[in-house]
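*Asks:* My questions all concern the structure below.
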Amino acid sequence: MADVQGLMDRLENAVLRLEAALSKSYPSTLTDSNIVNGINGDVAPFVEAFDALLKGPLEEYLKNSKVLGGDVETHASLVEKAFKAERAFLLYAAQHQKPPKAEETLILKPISERILEIQTFREKNRGSKMFNHLSAISESIPALGWIAMAPKPGPYVKEMADAATFYTNRVLKDYKTTDAHHVDWVKSYLTIWSELQAYIKEYHTTGISWGNTVLSTPPAVEGDPQVQNTSSGSCHPPPPPPPPPPCFPPMLDSQASKSKDDASQDRSALFAQLNQGEQITKGLKHVTDDEKTHKNPKLRGQGGQNRSPSKRHTPSPTSPKPLPHQTYCPLLELEGKKWRVEFQEGVNDLVISETELKQVAYIFKCKKTTLQIKGKINSIIIDNCTKLGLVFDDVVGIVEVINSKDVQIQVMGKVPTISINKTDGCHVYLSENSIDCEIVSAKSSEMNILVPQDGDYKEFPVPEQFKTSWDGSKLVTEPAEMMG
């Protein structure tokens with residue numbers, strides 16, 4: 001057992017050194033000859049094809065990100081590191097057979113850390129003017145986890161890439177007529193994923209293509225005291241990362257083998273009973289004439305009233321047990337520039353009064369709660385809330401409602417945009433100053449906008465269904481009038 005633990009410790013140390021070696025091995029520019037030629041100038045065709053993707057679509061995206069600058073440029077540098085880590089993994093896979101599960105997890109660790117780093121950057125910059133740009137990247141970057149997906153890595157990448165379009169459409173809406181650089185940025189970023197899908201279809205249709213060399217020891221890393229230098233001077237390439245945790249939890253081999261053993265034992269027991277021959281009836285109970293319903297009419301009227309005493313109605317041992325309900329401490333605090341209102345339940349007098357223009361409010365998993373925000377702030381996000389009432393004065397950016405149910409929003413001052421996404425039941429009360437507010441909705445139902453009129457409010461439903469038809473030259477989409 002000590003030997004196994006020692007091997008695991010050594011593997012983890014090797015991966016950490018490989019990640020450090022990766023950052024030193026590849027310069028900041030993707031056009032470096034080491035990246036193109038690989039180790040000793042000889043790499044697998046699928047690695048060369050991935051290099052072409054890095055030098056093409058990714059390089060174009062990095063160039064456009066540099067033009068926009070600020071948070072977008074910083075975020076792009078993290079994306080570049082993630083793709084370099086993935087390239088290192090592909091180089092490693094080309095030279096080795098698929099390793100055991102434990103070793104593969106360690107090898108994939110650098111990529112998953114890069115993905116988490118990209119998503120964390122977005123969360124820490126919710127007040128950024130480029131928040132839609134950051135969100136488009138964060139929502140789709142888990143696509144790099146295709147290397148752990150089988151047998152359909154291509155569709156997985158498409159699914160992740162589609163998650164970016166909600167935010168890239170916002171970017172296009174905001175800048176399409178004012179700044180073409182943002183439009184170029186959107187096109188170059190989405191091209192990365194479309195090209196990656198084509199790459200996967202050609203080289204890794206059902207999963208990663210591994211090499212033929214058997215890996216009997218951890219990958220050699222320069223500086224490891226247990227690794228001796230060789231006369232050739234060559235070393236193993238650094239390994240890379242996996243996908244985000246929530247996407248695809250693998251089934252443990254031990255669980256799979258256990259289920260197979262149980263099934264085998266059940267079949268053996270069944271065949272053993274069938275092979276008893278005449279002895280199989282030995283344990284049956286003799287039924288007398290007065291217990292037979294077809295010979296005793298009185299028993300027929302009782303049929304179905306009492307269950308057979310031989311049958312035991314006990315809960316199935318395999319039935320899933322409900323998970324214990326987790327409770328979290330309610331939170332209302334200012335963290336940097338962000339007001340955090342989380343896990344509030346049954347509270348009807350929450351108030352945020354000391355606000356500034358640069359601040360944002362993030363309301364998460366609140367239930368049967370009413371919140372008032374006074375003053376003018378940058379933006380408000382309502383996430384995973386149920387039966388929430390929100391009253392606010394002024395928002396200079398956007399109010400977002402995501403994954404929520406039965407939400408009521410009242411605008412006292414002015415707000416330019418309200419976004420409703422994946423929400424069932426949302427009533428928005430506009431003020432006189434916010435009549436020109438834009439309502440953007442997707443995958444939502446039961447949405448109603450109430451507009452002030454003659455001292456009262458008049459309610460207008462937001463369409464949930466649309467009809468599309470061909471007018472001879474283009475597709476025309478109109479709301480389906482089915483709300484009468």
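*Asks:* Evaluate E = 1/(1 + (r/R0)^6) for residue 116 and residue 354, where r is the Cβ-Cβ distance and R0 equals 30 Å; express this FRET efficiency to the nearest 0.05.
*Replies:* The formula returns an efficiency of 0.35 here.
*Asks:* Using the crude model of +1 on Lys and Arg Cβ and -1 on Asp and Glu Cβ, and no other charge, please compute the dipole size for region 334-416 relative to its Cα centre, in debye to 20.
*Replies:* My answer is approximately 100 debye.
*Asks:* Same structure, new question: Using label points projected 7 Å from each Cα along Cα→Cβ, tell me how many nm separate residue 210 and residue 177, to one decimal.
*Replies:* According to this spin-label approximation, the distance is 5.6 nm.
*Asks:* Assuming R0 = 22 Å, what is the FRET efficiency of residue 412 and residue 368, from their Cβ-Cβ distance, to the nearest 0.05?
*Replies:* So the FRET efficiency works out to roughly 0.50.
*Asks:* Report the label-to-label distance for residue 191 and residue 402 in nanometres (one decimal), using points 7 Å from each Cα along the Cα→Cβ vector.
*Replies:* 2.8
*Asks:* Let me ask something else about it. Using Cα-Cα distances under 8 Å and only pairs 6 or more residues apart, what relative contact order does region 384-441 have, in percent?
*Replies:* Relative contact order here is 33 percent.
*Asks:* Between residue 129 and residue 327, what FRET efficiency follows from the Cβ-Cβ distance if R0 is 35 Å, with the result rounded to 0.05?
*Replies:* The calculated FRET efficiency here is 0.40.
*Asks:* What trypsin sites (Lys or Arg not before Pro) in region 411-484 are in a loop by DSSP, with at most 11 other Cβ atoms within 10 Å of the Cβ?
*Replies:* For trypsin sites (Lys or Arg not before Pro) across region 411-484 that sit outside H, G, I, E and B with at most 11 neighbouring Cβ atoms in 10 Å, the list reads 474.
*Asks:* Run the simple label-point estimate for residue 391 and residue 446 please: 7 Å along Cα→C-beta, distance reported in nm.
*Replies:* The modelled label-to-label distance comes out at 2.3 nm.
Here, each number is a calculation from the coordinates, and none is a lab measurement. Just so we're clear, the structure is a prediction, and the values are computed from it rather than from any experiment. Glycine gets a Cβ as well: all are built from the backbone with ideal geometry, and neighbour counts include every protein chain shown.
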